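Worksheet: the structure to be examined is printed underneath.
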Amino acid sequence: MLGWELPPNNSGGLGVACLQLSRAMAAAGADIDFILPYPHEPKYDFMRVTSAHRAGSSIVNRVNAYDSFRYILEDGSYIDLGIHDQQTAYALMVGKLVEQMEFDVIHAHDWLTFRAALLAREKSGVPLILHVHSIERDRAGGNPGNPLVREIEATSMLLADHVIAVSQRTKDLIIEDYAIPADRIEVIHNSTDVWDVEALDTDNAYGYLADMKACGWKVIVNVGRLTVQKGLPHLVRAAAEVVKREPKTIFLLVGDGEQRDELIELAAELGISKNVVFTGFQRGKRWRDAYSVADLFVMPSVSEPFGLTPFEATAYGTPSLISKQSGVSEVFRSCLKVDFWDEHEMANQIVGVIRNQSLAAELHANAWQEYQKLSWSKAADKIMDRYRHFTQRVAA
Amino acid sequence: MSKSIVLYMHAHQPWRLRHYTIFDAASDHNYFDTDDQPEYANQKILQKVAHKSYIPTNNLLKDLLARHPEFKLNLSITGLLIEQLERWAPEVLRSFQDLTATGRVEIAAETYYHSLAFFYDRDEFERQVQMHKEKIEQLFGQTPKVIRNTELAYNNDLARWAEDAGYKGILAEGWDPVLGWRSPNFMYRPAGTQNIKLMLKNYRVSDDIAFRFGDSNWEQWPLTSDKFAHWLNETHDADMFNLFMDYETFGEHQWEDKGIFEFLEHLPDKWLSKEGNGFLTFSDAIERFEPKDEIDMPDTVTWADTERDLTAWTGNNMQRQAIANLYELKDKIMSTGDLKLIDDWRRLQTSDHFYYMCTKWFNDGDVHAYFSPYNSPYDAFINFMNVYHDMTWRLKEAG
């Protein structure tokens with residue numbers, strides 16, 4: 001498998017999905033070499049993780065997988081590579097690595113690994129499966145995005161033996177944007193491993209919000225990058241409508257991104273600055289507790305190929321309102337759904353949850369039932385079937 | 001014809017907020033003291049400014065007052081600066097007292113907290129002016145007769161208020177769109193008043209010292225006291241030159257190695273060498289000069305930026321939200337009777353906090369960025385609002 005991130009060096013859902021899927025596939029009998037662009041800890045007992053970083057460099061210093069990479073060479077000097085150069089360097093290194101490895105299938109996750117995957121296939125001749133967690137149009141919030149990235153996605157999917165899309169929505173967009181034949185794209189929805197959830201403790205990190213709730217305040221949360229894809233200006237405008245009706249409501253935005261300053265200004269312009277709290281990027285307890293302190297989780301994404309966060313909200317005891325433009329809305333039933341652009345309806349539903357404890361309780365109780373049945377094993381079984389199909393075909 | 005310099009230096013330091021997150025809210029109510037975070041530490045900044053500016057400047061002024069019996073000047077010192085000097089640099093406070101003890105240094109009235117309360121809450125404004133007055137009387141043994149509002153923010157209403165409150169004079173910016181053909185070098189009467197007199201900053205010559213002094217790209221650089229005195233002597237149509245500036249001009253905004261102290265040291269010499277030239281306190285000037293005309297300023301004028309209005313503090317929505325939310329808390333804050341809470345609330349009114357949120361700094365640039373402890377106006381806003389949230393929590397706890 002070729003991937004760009006694994007927890008804890010992940011910036012979002014891709015790394016989590018890659019890790020949980022790999023574990024489920026190992027359980028289903030796969031023997032996995034996972035190749036990352038940087039050295040990784042911890043080690044796993046269900047797969048080998050290899051780093052394809054630049055030859056002759058001893059350490060790779062990095063902040064997160066999407067910033068520039070710093071290579072410290074043996075002589076102490078260093079080179080900084082941007083994401084595109086890094087993608088090229090990764091492809092070259094993977095091309096060398098595969099010469100010394102034996103494998104039956106190449107399974108690559110998202111565009112950053114696709115050129116490496118094509119090179120590996122050319123050298124090894126084994127079947128190539130591309131797993132599409134998002135396409136450029138998703139990441140650009142519905143705009144076309146970067147033409148170089150689009151070209152890599154289009155070419156790779158045309159040349160691949162098979163494409164897996166994480167939702168029907170993603171499959172439709174692949175067909176629409178890249179004209180890939182529908183019969184070569186298979187929808188295998190993402191999932192989550194219930195037992196992978198870390199438990200909450202009794203003392204919530206958001207003591208201020210917990211205390212305000214005790215005085216009748218309500219908390220609405222979004223967890224995610226503050227970026228165009230996530231549709232947060234719609235939530236902030238809906239918030240202004242909510243606050244008019246329910247002034248004791250706080251909107252907690254957990255995450256960071258290029259849209260932060262714009263969102264701060266929007267809230268100020270709408271006169272609801274004191275109702276919108278920005279926490280910055282959070283991990284661990286502060287990340288878990290953000291879900292649990294809230295009365296409702298809202299995911300207003302403009303374009304979300306899958307979107308694991310509503311399941312995370314469920315795990316930590318909170319009902320969800322999600323946009324219909326998300327892959328997860330195809331499989332998650334016990335939640336409220338709204339078009340991301342329909343701010344009026346979004347506000348209406350938020351107020352509905354705030355005013356009706358019974359609605360919130362019912363939503364979460366049913367979501368919990370759905371959540372308990374989730375597991376990656378079905379997805380893993382489908383992918384194993386696909387592997388067998390290709391490897392047997394090759395053998396024949 | 002005799003001409004005088006009215007030198008006025010404004011000294012102030014805010015209580016800067018520490019890095020305060022939403023996770024501190026409801027658990028840590030200490031907004032200002034930051035032993036663990038040196039970049040925000042008020043003590044460190046105060047001691048740095050004392051070392052670079054307050055100590056050398058006061059030494060020099062003391063010396064000049066001793067050498068030149070005609071040398072006089074005016075000061076204003078905010079309550080917040082006095083508090084910090086009492087705590088971390090009492091010797092600097094004593095050196096200010098040494099200056100006023102000569103009887104030739106007059107202190108102006110203002111808000112204790114360097115706030116814009118006049119524009120949001122008249123009653124709160126009056127209390128802060130009263131607090132400042134009491135502090136000045138207690139430490140310096142003089143009662144201010146002339147008032148300046150924070151950031152020299154002035155309008156007709158403020159002048160009328162000041163007259164009713166018994167002040168003999170008030171300060172404002174000598175801004176051309178208001179003055180028209182008139183010169184700032186004379187005494188004026190605020191519109192709608194009978195007795196109070198208005199003194200206007202001559203921003204051209206003031207800013208030659210305060211802003212342009214160290215700028216080697218300025219065609220008049222380097223500015224010597226000789227040259228400066230010559231300019232004033234060559235200005236024939238004038239009673240007085242109102243040189244109003246931040247105290248920290250000397251040694252902090254303009255550094256010692258650019259020669260700012262030499263400039264100040266020789267200014268009295270060069271100026272007084274001509275027959276008839278002198279220095280005046282505000283009260284001297286008010287006694288000596290009658291108003292030449294009435295000045296009408298219905299809209300607020302300040303001494304900041306190219307706009308000379310309040311937009312550096314209340315120009316964007318973040319600033320307006322932050323300041324409006326803060327003043328909305330007033331009745332609840334006051335009704336607690338909790339002196340610590342009231343003091344914290346008032347410290348948050350300091351105009352500097354809103355200045356840090358200014359998004360104009362892309363144009364007015366260096367000045368704003370130079371004074372801000374934050375990376376961006378948005379960081380300043382988030383920090384301030386987190387403190388605001390904690391304050392609402394304390395109000396709730398206080399019942």
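If you take each beta carbon of peptide B:378-389 and count the beta carbons of other chains within 10 angstrom, what is the mean?
That works out to 4 on average.
For the protein assembly as shown, what is Rg from Cα atoms divided by 2.2 N^0.38 Å, rounded to two decimals? Provide the component values of the computation, followed by the final result.
Numbers: Rg = 33.5 Å, N = 795, 2.2 N^0.38 = 27.8 Å.
Dividing the Cα radius of gyration by 2.2 N^0.38 Å gives 1.20.
Within region B:312-397, count lysine pairs with alpha carbon atoms under 24 angstrom apart where the residues are 8 or more positions apart or belong to different chains.
Step by step, the pairs that qualify in region B:312-397 add up to 5.
Largest first and to the nearest Å, give the Cα extent of region A:195-372 along each principal axis.
Computed over region A:195-372, the largest-to-smallest principal extents equal 42, 34, 31 Å.
Net charge near residue A:43: determine it from the other residues with C-beta under 14 Å of the C-beta of residue A:43, scoring Lys and Arg +1 and Asp and Glu -1.
On the way: positive: A:23, A:48; negative: A:33, A:41, A:45.
Here the count lands on -1.
With 18 Å as the limit, write out which pairs from B:3/B:201; A:285/A:337; B:3/B:270; A:285/A:378 have Cα-Cα distances beyond it, or answer none.
In this structure, A:285/A:337; A:285/A:378 exceed 18 Å between Cα atoms.
For residue B:52, which aspartates and glutamates qualify as cross-link partners when the Cα separation must be under 13 Å and same-chain residues fewer than eight apart are set aside?
Cross-link targets: B:248, B:252, B:256, B:257.
Helix A:83-97 versus the longest principal axis of chain A: what angle, 0 to 90°, nearest 10, using Cα atoms?
Computed tilt is about 40 degrees.
Mind checking the log10 I(q)/I(0) for region B:252-399 at q = 0.13 Å⁻¹? Debye, one equal scatterer per Cα, no solvent, two decimals.
-0.86
Relative to the longest principal axis of the C-alpha atoms of chain A, give the angle of the C-alpha long axis of helix A:114-124, reported between 0 and 90° and rounded to the nearest 10°.
In chain A, helix A:114-124 runs at an angle near 30 degrees to the longest axis.
Determine the per residue accessible area of chain A with all protein chains present and a 1.4 angstrom probe, expressed in square angstrom.
Per-residue value: 41 Å².
Any idea which of B:225, B:155, B:129 is furthest toward the positive side of the dipole for chain B, if Lys and Arg beta-carbons carry +1 and Asp and Glu beta-carbons -1?
Most positive-ward Cα: B:129.
Given a Förster distance of 41 angstrom, what is the FRET efficiency for residue A:26 paired with residue A:245, based on the Cβ-Cβ distance and rounded to 0.05?
In this case the efficiency is close to 0.20.
Using the heavy atoms of the protein chains alone and a 1.4 angstrom probe, what is the accessible area of region B:253-387 per residue in square angstrom?
Heavy-atom accessible area per residue stands at 43 Å².
Mind checking which of A:133, A:107, A:84 has the largest fluctuation in a GNM of chain A, springs on alpha carbons under 10 Å?
Judging by the Gaussian network model, the answer is A:84.
Extent of chain A along each principal axis, from alpha carbon coordinates, in Å, largest to smallest?
Projected onto its principal axes, the Cα set of chain A covers 65, 50, 40 Å.
Would you mind finding the longest exposed-site-free stretch of chain A, with exposed chymotrypsin sites (Phe, Trp or Tyr not before Pro) meaning DSSP loop and at most 16 other Cβ atoms within 10 Å? Can you show the working numbers first?
Numbers: sites that count: A:44, A:46, A:66, A:103, A:281, A:341.
The longest uninterrupted stretch comes out as A:104-280.
Enter the buried accessible area of the B/A pair, total of both sides, probe 1.4 Å, in Å² rounded to the nearest 100.
Answer for the B-A pair: about 2000 Å² buried.
Test of understanding: given chain A, find the longest segment containing no trypsin sites (Lys or Arg not before Pro) that are in a DSSP loop and have at most 16 other Cβ atoms within 10 Å.
A:44-247
Around residue A:147, under 15 Å between beta carbons, what's the net of Lys plus Arg minus Asp minus Glu among the other residues?
Cβ neighbours under 15 Å give a net charge of -1.
Treating cross-link reach as a plain straight distance, find the aspartates and glutamates whose alpha-carbon is under 15 Å from the alpha-carbon of residue B:292, omitting any fewer than eight places away in the same chain.
Residue B:292 reaches B:237, B:239.
Please state, to two decimals, what the Cα-based radius of gyration of region B:312-397 comes to when divided by 2.2 N^0.38 Å (N = residues). It would help to have the intermediate numbers written out before the result.
Details: Rg = 13.7 Å, N = 86, 2.2 N^0.38 = 12.0 Å.
Against the compact-globule rule of thumb, the ratio is 1.15.
What average number of partner chain Cβ atoms lie no more than 10 Å from the Cβ of the residues making up B:324-334?
1
Below 16 Å, Cα to Cα, which aspartates and glutamates can residue B:168 reach? Residues fewer than 8 away in the same chain don't count.
B:106, B:110, B:157, B:284, B:287, B:290, B:294
Can you pull the mean other chain C-beta count within 10 Å for peptide A:355-365?
0
Using only DSSP helix segments of four residues or longer, with each worth -39500 (n - 2.57), what per-residue ellipticity at 222 nm results for the protein assembly as shown after dividing by its residue count and rounding to 500?
-13000 deg cm²/dmol
Using only Cα atoms, find the angle between the long axis of helix A:357-372 and the longest principal axis of chain A, and express it within 0 to 90 degrees, rounded to the nearest 10.
Once rounded, the angle reads 20 degrees.
If packing is taken as the average count of other Cβ atoms within 10 Å, what order do B:261-268, B:6-13 fall into, highest mean first?
Final packing ranking: B:6-13, B:261-268.
Pop out the carbon and sulfur fraction of the accessible area of the protein assembly as shown as a percent, whole number, probe 1.4 Å.
Values: 15400 of 31700 Å².
Summing carbon and sulfur atoms, their accessible area is 49 percent of the total for the protein assembly as shown.
Could you work out how far apart the two model spin labels at residue B:183 and residue A:214 are, taking each label as a point 7 Å from the Cα in the direction of the beta carbon, and quote it in nm?
Those two pseudo-labels are separated by 6.9 nm.
Projecting each Cα onto the charge dipole of region B:312-397 (Lys/Arg +1, Asp/Glu -1 at the beta carbon, about the Cα centre), which of B:321, B:356, B:376 comes out farthest on the positive side?
With unit charges placed on the Cβ atoms, the residue in question is B:321.
The values are calculated or read from the model by the stated rules, or taken from the named source; none is laboratory data. All values derive from a computational prediction rather than experimental measurement. Neighbour counts are summed over all protein chains in view; Cβ atoms, including those assigned to glycine, are modelled from backbone coordinates with ideal geometry. These accessible areas exclude ligands, DNA and RNA; they are computed on the full protein's heavy atoms, side chains included. Shrake-Rupley method; radii C 1.70, N 1.55, O 1.52, S 1.80 Å.
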